[in-house]
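The values are calculated or read from the model by the stated rules, or taken from the named source; none is laboratory data. This one's a predicted model, so the numbers in the text were calculated from it and none came from an experiment. Note that each Cβ is placed from the backbone with ideal geometry, even for glycine, and that neighbours are counted across all protein chains shown. Heads up: the accessible areas ignore ligands, DNA and RNA and are worked out on the full protein's heavy atoms, side chains in. Shrake-Rupley method; radii C 1.70, N 1.55, O 1.52, S 1.80 Å.
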Amino acid sequence: MVVFSGDDDIDGSTSSPVTNEHLVYLSSRQAQADLAHFIHVSNEHYFTDKVKWITFGGSYPGMMAAWARLLYPDLVFAAVSNSAPIQVTVDFPQYKNHVSFDLQYETVGGSTECLNVVKEGHEQILSTLEMGDISTISNFFQICNGTQELLIPSNIQAFLGDGVIEVPAQGNDPSCDTDLCNIDKLCLALIEEQEKSSPMEALAAIAKRQRADDESSCVSISWKDTLEFLKSPAAQGGGLRSWLWQTCTEMGFFQTCEESTCPFARGYHRLTLDFDICQQAFGIEPSRVTQSVQDTLKQYGGLDIPATRIFSVNGNVDPWAELARTSDSDPKNDDLPTHWIQGASHHFWTHKSNDTDSKEIRNAREIIYSQVMKWLEIEPQVQSDSIISKIGNLRTTNIV
């Protein structure tokens, strides 16, 4: 059995070219063809036709794991698809809606009071701006040239629609030990600050603490500067520009804040901001973005993926689970089993095994291992918790 693994980065290197000239070769379809070729050559030269290949991944690699099984069932025997949002979509308001759920989810330290501080704080910021008191917001949040920048609609769209504080929903780690590093710590701090002042001032205090390691004396909210950065090769760090290219050419996933359950300034961060990125950074028009996402959905089937032996595993803290296969989307499908992990964030169970891991995380690793062994008709013989976490920590590495 050979297992492929990966992490969230499309291209985390610092040397690969990310100019538009080169990015035209980056697509999930090309990556799938490359994988099929690799398996074919490996079978021909190193293994036998009796080798059963199983793809494994989390996030984007989780999508790729599922799609490999769909496109090449003769080469890929099965797949374990962790936190994989295979229901690609242009508009993805559910992401921020899910952040609201996390902020009040008691299992990870959230509460209704915590959510209300975030929602009411953004409402106060918005009402203060609407009254023309720009200097107060500029001073509270230490905005660079704020009295001018806050007059520009696109700046306000991103500043308020994406939230003035960072909420660690996708990467929530219950055992982290740094300041404000998880939902529990964030909510405790928000409530403590709110008791001393207004919700808006609480958000300002938290925003300042989250920038503690930032050497800049002020916060830039210039959307124009953001677009200029994303147009340049400087944006390749962490695979940013490569990932944005794929959102514009295949995936969408634009996290708007236009629905009533968004915890930030509702009605802000509209699709126009994301279409700006596609147009300015890559020269891709909105109509082409929409058509490309529809083509991807047609290619792979979304939640109705026409395949078998794909195990979809998700955590209920993860906003990306809104677009993934879960027991809610397709209950009791033995050909496409699912597992739902309470209190887990974005493919957290694929991370390195730690003593602080919850019972639910450890159980998930056992269940994944048992499912794979069942497919292979092999009696389990090793400790699955260690195996799964080691696989998840590999970066595009294979194990024989």
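All conditions but one from (1) under 30 Å from Ile367 (Cα atoms); (2) without any contact (Cβ under 8 Å) to a residue 24 or more places away in the chain apply to Ser232; the one that does not is (1). When restricted to residues that are part of a loop (DSSP other than H, G, I, E, B), more than 14 Å from Gln87 (Cβ to Cβ) and among the hydroxyl-bearing types (Ser, Thr, Tyr), the stretch 279-332 contains 2. Out of the residues in the stretch 341-366 that are without any contact (Cβ under 8 Å) to a residue 40 or more places away in the chain, closer than 15 Å to Asn82 by Cα and not charged (D, E, K, R), which is most open to solvent (accessible area, probe 1.4 Å)? Across the stretch 341-366, the extreme among qualifying residues is Asn363. Among all residues of the stretch 379-398, there is at least one that is farther than 24 Å from Pro93 by Cα, open to solvent by 60 Å² or more (accessible area, probe 1.4 Å), modelled with pLDDT under 95 and of a type in the set (Asp, Glu). Scanning the stretch 215-274 for residues that are of a type in the set (D, E, K, R) and open to solvent by less than 30 Å² (accessible area, probe 1.4 Å) turns up Arg241, Glu250, Asp274. Among residues of the stretch 67-94 that are closer than 19 Å to Glu258 by Cβ and without any contact (Cβ under 8 Å) to a residue 60 or more places away in the chain, none has a beta-carbon under 7 Å from a residue that is among the charged types (D, E, K, R) and open to solvent by less than 10 Å² (accessible area, probe 1.4 Å) at least six positions away or on a different chain. Being at pLDDT 95 or above and open to solvent by 30 Å² or more (accessible area, probe 1.4 Å): is that true of Pro286 here? Answer is yes for this residue. Only residues that are within 28 Å of Leu26 (Cα to Cα) and buried (at least 22 other Cβ atoms within 10 Å of the Cβ) were counted in the stretch 306-340, giving 12. The residues of the stretch 186-229 that are touching a residue at least 24 places away in the same chain (Cβ under 8 Å) and aromatic (Phe, Trp, Tyr) amount to a single one, Trp223. Here Phe101 fulfils each of the conditions (1) open to solvent by 30 Å² or more (accessible area, probe 1.4 Å); (2) over 30 Å from Ala33 (Cα atoms); (3) over 17 Å from the mean Cα position of the chain (by Cα); (4) not basic (Lys, Arg) apart from (3).
Taking the listed residues Asp162, Asp133, Asp102, the one that is in contact with a strand residue (DSSP E or B) (Cβ under 9 Å, 6 or more places away or on another chain) and on the phi < 0 side of the Ramachandran plot is Asp162, with no other qualifying. Anything in the stretch 272-302 that is of a type in the set (A, V, I, L, M, F, W, C) and touching a strand residue (DSSP E or B) at 6+ places or on another chain (Cβ under 6 Å)? List them, or say none. Within the stretch 272-302, Val293 is the sole residue that qualifies.
Going by the structure shown, is Ala169 under 18 Å from His269 (Cβ atoms), part of a loop (DSSP other than H, G, I, E, B) and open to solvent by less than 30 Å² (accessible area, probe 1.4 Å)? Spelling it out, Ala169 is indeed under 18 Å from His269 (Cβ atoms), part of a loop (DSSP other than H, G, I, E, B) and open to solvent by less than 30 Å² (accessible area, probe 1.4 Å). Suppose we keep only residues that are in contact with a helix residue (DSSP H, G or I) (Cβ under 7 Å, 6 or more places away or on another chain) and among the charged types (D, E, K, R) within the stretch 254-290. Which one would you say is farthest from Val99 (Cα to Cα)? Among them, the one singled out is Glu285. Among the criteria (1) part of a helix (DSSP H, G or I); (2) of a type in the set (Asp, Glu); (3) within 22 Å of the chain's Cα centre (by Cα), the one Glu259 does not fulfil is (1).
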